[in-house]
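Inspection log for the structure reproduced underneath, given as structure tokens.
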Amino acid sequence: MINIRKADIDDVITISKLGRITFSDTFESFFNDKNDLLDYLEDIFSEKRIHDSILKAESIYWIAFYDSIPVGYAKVKLDFTSQLIIPPKTCYLDKIYVVKKFISKGIGKELHKILMQEIIALKYQRIWLSVLKENQKAINFYHKKGYQKISQYSQNIGSQKFDFFVMALNLDEKAT
């Protein structure tokens, strides 16, 4: 059974562990230098960084459980724009990850549904995200949800350059 709730400060360690596991599962094969991956994991998923992020009013985290086991999480940044995204009332889907062996259980779909309900209730008009160009499974997931590719950019992680698509969804009462 899937249970999803908003995460709080007591979930920092769990989210840190989930982040490291799910990011490694998803992206390890794309890294030429494993030290770049390890450095990235240490930085982005450190307990301090997660702790500080959860405390920010503009960050909302959800944590997903399957039979009481934490198996995924999502994070949205409210009122977050970039040069590639023009407001009004825009938020950013920063992370949505599920442990590999639970991906087929519909947990990502449920996480997305719950976060969409929340941001629609908060009157956001647009949500956007970035996705690795080679991550076709994620691109397909977001396309099924109505997201469209609107731009692309490159970013270095350690010594390696990665290419990303920017995808966005204009929200209405039907978006889930």
In the range 28-65, anything surrounded by 16 or more Cβ atoms within 10 Å (Cβ to Cβ) and more than 18 Å from residue 17 (Cβ to Cβ) is listed as 31, 59, 60
Test result for residue 113, within 24 Å of residue 148 (Cβ to Cβ), out of contact with any strand residue (DSSP E or B) (no Cβ under 7 Å at 6 or more places or on another chain), modelled with pLDDT of 95 or more and of a type in the set (Lys, Arg): yes
Exception for residue 34 within (1) within 19 Å of residue 135 (Cβ to Cβ); (2) touching a residue at least 12 places away in the same chain (Cβ under 8 Å) falls at (2)
Answer with yes or no whether residue 147 is hydroxyl-bearing (Ser, Thr, Tyr) and under 30 Å from residue 39 (Cα atoms).
no
Picking from 45, 27, 31, the residue that is over 18 Å from the mean Cα position of the chain (by Cα) and of a type in the set (Phe, Trp, Tyr) would be 31
Those residues of the range 18-31 which are in contact (Cβ under 8 Å) with a residue 24 or more places away in the chain and among the polar types (S, T, N, Q) amount to 22, 26
Note on residue 68: of the conditions (1) at pLDDT 95 or above; (2) small (Gly, Ala, Ser); (3) closer than 25 Å to residue 132 by Cβ; (4) surrounded by fewer than 12 Cβ atoms within 10 Å (Cβ to Cβ), unmet is (3)
Within the range 160-174, the residues that are in a loop (DSSP other than H, G, I, E, B) and crowded, with 17+ Cβ neighbours inside 10 Å are 171
Over the range 28-77, the set of residues part of a helix (DSSP H, G or I) and aliphatic (A, V, I, L, M) is 37, 38, 41, 44, 50, 54, 55
Reported set for the range 78-103 where residues are part of a strand (DSSP E or B) and farther than 20 Å from residue 123 by Cβ is 82, 95, 96, 97, 98
From the option list 139, 157, single residue qualifying as at pLDDT 95 or above, hydrophobic (A, V, I, L, M, F, W, C) and surrounded by fewer than 18 Cβ atoms within 10 Å (Cβ to Cβ) is 139
When restricted to 133, 145, the only residue under 26 Å from residue 41 (Cα atoms), under 16 Å from the mean Cα position of the chain (by Cα) and of a type in the set (D, E, K, R) is 133
Across the range 37-62, the tally of residues that are touching a residue at least 40 places away in the same chain (Cβ under 8 Å) and of a type in the set (Ser, Thr, Tyr) stands at 2
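The values are calculated or read from the model by the stated rules, or taken from the named source; none is laboratory data. All of these numbers come straight from a predicted model, not from anything done at the bench. Positions of Cβ are backbone-derived with ideal geometry, glycine not excepted, and every protein chain shown enters the neighbour counts.
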